[in-house]
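Heads up, the thing below is written out as structure tokens.
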Amino acid sequence: MVHASPPTSYSPARIRETVQELLASDSLPPIVQAGHPVLRQHAAPFEGQLEPEELSQLIVLMRKVMHAAPGVGLAAPQLGVPLQLAVLEDQFEIDEAVAAARGRAPLEFFAMLNPSYSPVGAGTAAFFEGCLSLSGLQAVVERAESVRLEYVTPDGGQVTRDFSGWQARIVQHETDHLHGRLYIDRAELRSLSTNSEYAARWAEPGIGTASRELGFPSGAGAYVETGREAAPDSAG
């Protein structure tokens with residue numbers, strides 16, 4: 001069951017102060033881990049809480065943290081900022097057979113504000129999924145195979161885009177973060193595995209073996225948010 005998330009308790013002033021503290025640091029900030037309230041609260045819609053230059057610098061910082069993880073997405077709450085902002089990018093080199101099985105294609109970098117998505121069609125896919133805010137774990141999550149995303153660009157433009165396959169999963173995962181949801185809220189918990197067990201036993205394009213041996217309904221595919229299939233780490 002996915003529970004409703006309470007709204008953030010941060011005022012606009014506190015959000016800006018938090019961002020300014022991050023931008024003033026000489027080092028990359030740590031990624032907030034599960035158990036911190038900011039990950040379970042509905043982030044504030046972006047309504048000009050930051051100056052344009054501050055927003056631009058925050059996006060640059062988030063991209064650096066995402067790359068350092070490494071990952072394919074990062075939401076502002078994962079840096080302790082309860083603001084509806086996320087960055088996404090997937091340029092990892094992936095085995096062709098794995099990419100084909102998982103519907104994975106390169107995703108050019110973009111930042112999204114105030115996003116929302118809706119399924120396109122009835123198709124779903126089940127994949128192993130990880131998160132930088134749940135370090136060291138993976139679990140199978142069934143999600144819509146295709147989605148329509150509506151969001152605001154950093155310069156204020158209104159955008160509607162359709163995504164499918166791996167890209168749709170990234171979009172759903174990061175948008176969920178902004179609504180106080182983590183992938184474990186949607187996961188098949190019998191599939192929950194440490195990264196080391198995943199790498200040793202379940203690192204294959206599909207989830208058939210894991211489904212049989214761990215005793216959960218089968219789907220198709222295996223999703224982790226880094227580009228490293230053999231030893232997956234978690235990401236945004």
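The values are calculated or read from the model by the stated rules, or taken from the named source; none is laboratory data. Because the structure is predicted, anything quoted here is derived from the model rather than measured. As a convention, Cβ positions derive from the backbone with ideal geometry for all residues, glycine included, and neighbour counts pool all protein chains shown. Note: areas computed on protein heavy atoms with side chains; ligands, DNA, RNA excluded. Shrake-Rupley method; radii C 1.70, N 1.55, O 1.52, S 1.80 Å.
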Determine the pairs where a residue that is over 17 Å from residue 90 (Cβ atoms), located within segment 173-190, has a partner that is of a type in the set (A, V, I, L, M) with Cβ atoms under 6 Å apart, the partner being 6 or more residues away or on another chain. 178/43; 178/75; 185/2; 186/141; 187/139; 187/141; 188/140; 190/214
Looking only at residues in segment 82-118 that are within 27 Å of residue 180 (Cα to Cα) and acidic (Asp, Glu), which one is modelled with the lowest pLDDT? 90
Within segment 1-17, take every residue that is at pLDDT below 95 and loosely packed, with under 10 Cβ neighbours inside 10 Å and give me the one that is farthest from residue 47 (Cα to Cα). 1
Output yes when any residue across segment 91-100 is at negative phi, in contact with a helix residue (DSSP H, G or I) (Cβ under 9 Å, 6 or more places away or on another chain), of a type outside the set (S, T, N, Q) and open to solvent by 10 Å² or more (accessible area, probe 1.4 Å), and no when none is. yes
Scan segment 1-55 residue by residue and report those that are over 17 Å from the mean Cα position of the chain (by Cα) and of a type in the set (Val, Ile, Thr). 8, 15, 18, 19
Select from segment 177-200 the residues that are within 16 Å of residue 118 (Cα to Cα) and surrounded by 23 or more Cβ atoms within 10 Å (Cβ to Cβ) and write down the one among them that is nearest to the chain's Cα centre (by Cα). 177
Any residue in segment 58-80 that's farther than 16 Å from residue 22 by Cβ: show its pairings with residues that are of a type in the set (Val, Ile, Thr) and open to solvent by less than 20 Å² (accessible area, probe 1.4 Å) at Cβ separation under 7 Å, as long as the two are six or more apart or on different chains. 70/226; 71/226; 72/170; 73/87; 73/170
Take the residues in segment 143-168 that are assigned to a strand (DSSP E or B) and hydrophobic (A, V, I, L, M, F, W, C); name whichever of them is surrounded by the fewest Cβ atoms within 10 Å (Cβ to Cβ). 159
Can you pull out the residues in segment 203-228 that are open to solvent by 60 Å² or more (accessible area, probe 1.4 Å) and modelled with pLDDT of 85 or more? 212, 213
Looking at segment 118-142 only, could you name the residues that are surrounded by fewer than 22 Cβ atoms within 10 Å (Cβ to Cβ) and not aliphatic (A, V, I, L, M)? 118, 119, 121, 123, 124, 135, 136, 142
Do we find a residue being in contact with a strand residue (DSSP E or B) (Cβ under 8 Å, 6 or more places away or on another chain), assigned to a loop (DSSP other than H, G, I, E, B) and charged (D, E, K, R) anywhere in segment 184-195? yes
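Which strands (runs of 3 or more DSSP E) sit wholly inside segment 10-124 and have at least 3 residues that are among the charged types (D, E, K, R) and closer than 15 Å to residue 154 by Cβ?
none
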Residue list for segment 179-198, filter: of a type outside the set (D, E, K, R) and touching a Ser or Thr at 6+ places or on another chain (Cβ under 9 Å): 179, 180, 182, 191, 195
